[in-house]
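Since the structure comes first, as structure tokens, the remarks are kept for the end.
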Amino acid sequence: MRSIRAAAVGAVTMSLALAASACGGGSSTDGGPDDSPKTLTYWASNQGASIEVDKKVLQPELDKFEKQTGIEVKLEVVPWSDLLNRILTATTSGQGPDVLNIGNTWSASLQATGALLPWDAKNFAAIGGRDRFVDSALGSTGAQGKEPAAVPLYSMAYALYYNKQMFADAGISKPPATWAELVADGKKLSKDGKWGLGTEGSNPSENIHHAFVFAKQHGADFFTAEGKPDFTGDGAVAGVKQYVDLMAKDEVIAPGNAEYAQNQSVSDFAKGKNAMLLWQSASANLKSQGMSEDDYGIAPVPVQSGTPGTGTAVNSMVAGINLAVFKNTDNLDGATKFVKFMTGDAEQKILNTAYSSIPPVKTAQSDAAFNTPANAVLKETLAGSAAALPQVADESQFETAVGTAVKELFADAAAGRAVTTESVRAKLEKAQQQMPAK
């Protein structure tokens, strides 16, 4: 998922959804009972700098689809703060869209509701085949061993964005490759009202992405091989503490970032208030805020050893947006045509260019437009050093519980309260207790 989204508080709603029979979308039908529906409803996630930007990007493409098929697509761009709860409510009420965006980390949780169309061989064949998509994107489409609950639409990865002029002024010749180097550089850069690094400390979704990566770098996972929560192991605790310590101990993040949840750290970076930013596919967002691509560099997110890779050298979650269909839609044929259109090579190039993301479709990804130095970092990360968040049924509750625990730890750091191994473990223990009982 893209970083600006705030994780919705959905644990209670999810438990209701899991217990209920899921219902699908509700597009209207023109004409008699034998006529095919002429409309689709589409919930798109907020990918641009604003909802209005998304409408400007998407509406011309939806108009193109209507011209080709005669099917009108009624668009609603849903803020990330509302999206998960809107989807979960739709699974029980039947008052949902035909087609929707989901953060790829939610795939297994939403799959467990039974509301989404499974993408079996027949359904994939209708959109050109499963083998059109890269493996890393398909790995975040649902629980292992089950048919995918969604189709990849946009792929993203975290990178380190750094202000070239601020680095030069501080006498720093290259971006940090290790966290120790980032802290050392951050301290040099944190002066005169400016700071080394920005973050969204009040955004549970952003927090869980970083907590996951730091935990992986400490050799930990948040779930056992059997899928049981394991939030309080030494590696997970050490990873979360190292992340929060960037503010609490190392003092390279401004205390005010503990209250950030709506893209403020990107704005601070674009304005030269912070020298570094850890973000998903940020180029389009930065451009929309007036920052030239010549002003910043892009490097892999640091790892403990300095060499990104698999295992403890993971430096990003596999980020992205999937396209899902409510299986009880009354316009399955139209919805399938729309998914085929949106994942076609031409649209993949247009949409992923607009959002500075990477096409999850192999042939589109190989286009020259995506072979820029910036995209090279993202593609290499996705191919070699990114890991999918746990594809378990309780994943959305995990995001909310642990992301909120980290939010509370950042609040402690900003208030000058000690962040210790014990206090981190206590917050993670509380988060684990919030997970649904098995």
Selection from the range 305-319 of residues out of contact with any Gly (no Cβ under 8 Å at 6 or more places or on another chain) and either within 23 Å of Y154 (Cβ to Cβ) or aromatic (F, W, Y) (or both) yields V314, N315, S316, M317, A319
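Free of Cβ contacts under 8 Å to residues at least 60 places away in the same chain and under 17 Å from T400 (Cβ atoms), is that true of A215? Full working, then the answer.
Working: free of Cβ contacts under 8 Å to residues at least 60 places away in the same chain: yes; under 17 Å from T400 (Cβ atoms): yes.
Considered against the rule, which asks whether it is free of Cβ contacts under 8 Å to residues at least 60 places away in the same chain and under 17 Å from T400 (Cβ atoms), A215 comes out as yes.
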### Query
Would the range 247-258 turn up any residue that is buried (at least 18 other Cβ atoms within 10 Å of the Cβ) and at pLDDT below 95?
no
Here the residues within the range 65-87 that are over 24 Å from M317 (Cβ atoms), part of a helix (DSSP H, G or I) and open to solvent by 10 Å² or more (accessible area, probe 1.4 Å) are E66, K67, Q68, T69
Condition set part of a strand (DSSP E or B) and within 18 Å of the chain's Cα centre (by Cα), scope the range 88-114, selection modelled with the lowest pLDDT: answer is G103
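Just to check your reading of the model, which residue among K188, K164 is basic (K, R) and touching a residue at least 24 places away in the same chain (Cβ under 8 Å)?
Numbers: K188 fails: touching a residue at least 24 places away in the same chain (Cβ under 8 Å).
Unique residue meeting the criteria: K164.
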In the range 139-177, anything under 22 Å from Q47 (Cβ atoms), at pLDDT 95 or above and assigned to a loop (DSSP other than H, G, I, E, B) is listed as P148, A149, A150
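What are the residues in the range 283-310 that are β-branched (V, I, T) and open to solvent by 30 Å² or more (accessible area, probe 1.4 Å), if any?
First, the residues of the range 283-310 that are β-branched (V, I, T): 298, 301, 303, 307, 310.
Passing the criteria: I298, T307, T310.
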Checked the range 50-88 for anything within 23 Å of K340 (Cβ to Cβ) and of a type in the set (D, E); matches are D54, E61, D63, E66, E72, E76
Here the residues within the range 311-343 that are out of contact with any strand residue (DSSP E or B) (no Cβ under 8 Å at 6 or more places or on another chain) and not aromatic (F, W, Y) are G311, T312, A313, D333, K337, K340
Within the range 182-200, residues open to solvent by 10 Å² or more (accessible area, probe 1.4 Å), under 21 Å from Q280 (Cα atoms) and assigned to a helix (DSSP H, G or I) come out as V183
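May I ask you to verify whether A220 is farther than 16 Å from N163 by Cα and buried (at least 20 other Cβ atoms within 10 Å of the Cβ)?
Values: farther than 16 Å from N163 by Cα: yes; buried (at least 20 other Cβ atoms within 10 Å of the Cβ): yes.
Answer is yes for this residue.
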Output for Cβ contacts, cut-off 9 Å, separation at least six or different chains, first residue acidic (D, E) in the range 130-144, second at pLDDT 90 or above and part of a helix (DSSP H, G or I), reads D131/F124; D131/K362
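Check N285, N274, N315, N322 and return the single one that is touching a Pro at 6+ places or on another chain (Cβ under 9 Å), in contact (Cβ under 8 Å) with a residue 12 or more places away in the chain, over 30 Å from D120 (Cα atoms) and not aliphatic (A, V, I, L, M).
It is N315.
Determine, yes or no, whether A126 is over 26 Å from the mean Cα position of the chain (by Cα) and over 30 Å from I87 (Cα atoms).
Values: over 26 Å from the mean Cα position of the chain (by Cα): yes; over 30 Å from I87 (Cα atoms): no.
Against the criterion (over 26 Å from the mean Cα position of the chain (by Cα) and over 30 Å from I87 (Cα atoms)), A126 does not qualify.
Would you say A418 is open to solvent by 50 Å² or more (accessible area, probe 1.4 Å) and modelled with pLDDT of 95 or more?
Working: open to solvent by 50 Å² or more (accessible area, probe 1.4 Å): yes; modelled with pLDDT of 95 or more: yes.
Answer is yes for this residue.
For the range 317-406, please list each of the helices (runs of 4 or more DSSP H) lying entirely inside it that holds at least 3 residues being open to solvent by 10 Å² or more (accessible area, probe 1.4 Å), at pLDDT below 90 and not acidic (D, E).
Helices (runs of 4 or more DSSP H) meeting the threshold: 373-384.
Please go through the range 122-138 and give me each residue that is part of a helix (DSSP H, G or I) and either within 26 Å of A90 (Cα to Cα) or touching a Leu at 6+ places or on another chain (Cβ under 9 Å) (or both), ordered by number. Full working, then the answer.
Step one: of the range 122-138, the residues part of a helix (DSSP H, G or I) are 122-125, 130-132, 135-138.
Passing the criteria: K122, N123, F124, R130, S136, A137, L138.
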Quick count over the range 223-243, residues being surrounded by fewer than 21 Cβ atoms within 10 Å (Cβ to Cβ), of a type outside the set (S, T, N, Q) and in a loop (DSSP other than H, G, I, E, B), is 6
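The values are calculated or read from the model by the stated rules, or taken from the named source; none is laboratory data. If you're wondering where the values come from, they're calculated on a predicted model, not measured in any experiment. All Cβ positions, glycine included, derive from the backbone under ideal geometry; neighbour counts span all protein chains shown. These area figures cover heavy atoms from the full protein model, side chains too; ligands, DNA and RNA do not enter into them. Shrake-Rupley method; radii C 1.70, N 1.55, O 1.52, S 1.80 Å.
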